[in-house]
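Following: one structure in structure tokens, then a few remarks.
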Amino acid sequence: MYDTDTNKHVNNLRYLQWLMESIPDEIVDNYYLYFIDGRFISEAHYGDLILSLTKQDVDENSFIHTIQIKGSNKVCATGKTVWKKIKKC
């Protein structure tokens, strides 16, 4: 409920957070987010079950993301993230 506006639409920032939550721990623990491109396509509403899907892109440490409503083909958002290795001193 706190992720929605007065019309019970999911806040756009929440899509990006869901996208980030699907990144593998190995990447989150050893890399920093270098680039993110998010596209908001359609609305999700309070009560929808959301799937956050992530797959490795062709580029190293790059991921393609899809946020969709479970049980339908409705895509709410897409994105791409690129991660760079953390340099340890």
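The values are calculated or read from the model by the stated rules, or taken from the named source; none is laboratory data. Keep in mind that this is a model prediction, so the values were computed, not measured. FYI the Cβ positions are ideal-geometry reconstructions off the backbone, even for glycines, and counts take in every protein chain you see. Quick note on the areas: whole protein, heavy atoms, side chains included, nothing else; ligands and nucleic acids left out. Shrake-Rupley method; radii C 1.70, N 1.55, O 1.52, S 1.80 Å.
Looking only at residues that are part of a loop (DSSP other than H, G, I, E, B) and of a type in the set (D, E, K, R) in segment 32-67, which one is least open to solvent (accessible area, probe 1.4 Å)?
Once the filter is applied, the top-ranked residue is Asp57.
Hey, can you tell me all the residues within segment 1-13 that are surrounded by 12 or more Cβ atoms within 10 Å (Cβ to Cβ) and either touching a Lys or Arg at 6+ places or on another chain (Cβ under 9 Å) or modelled with pLDDT of 85 or more (or both)?
Hits for segment 1-13 are Asp3, Thr4.
Would you tally the residues in segment 68-89 being hydrophobic (A, V, I, L, M, F, W, C), in a strand (DSSP E or B) and either in contact with a Lys or Arg (Cβ under 8 Å, 6 or more places away or on another chain) or open to solvent by 70 Å² or more (accessible area, probe 1.4 Å) (or both)?
1
As an exercise: evaluate Asn61 against (1) of a type outside the set (Lys, Arg); (2) modelled with pLDDT of 90 or more; (3) at negative phi and give the number of the one condition it does not meet.
Asn61 satisfies all of (1) of a type outside the set (Lys, Arg); (2) modelled with pLDDT of 90 or more; (3) at negative phi except (3).
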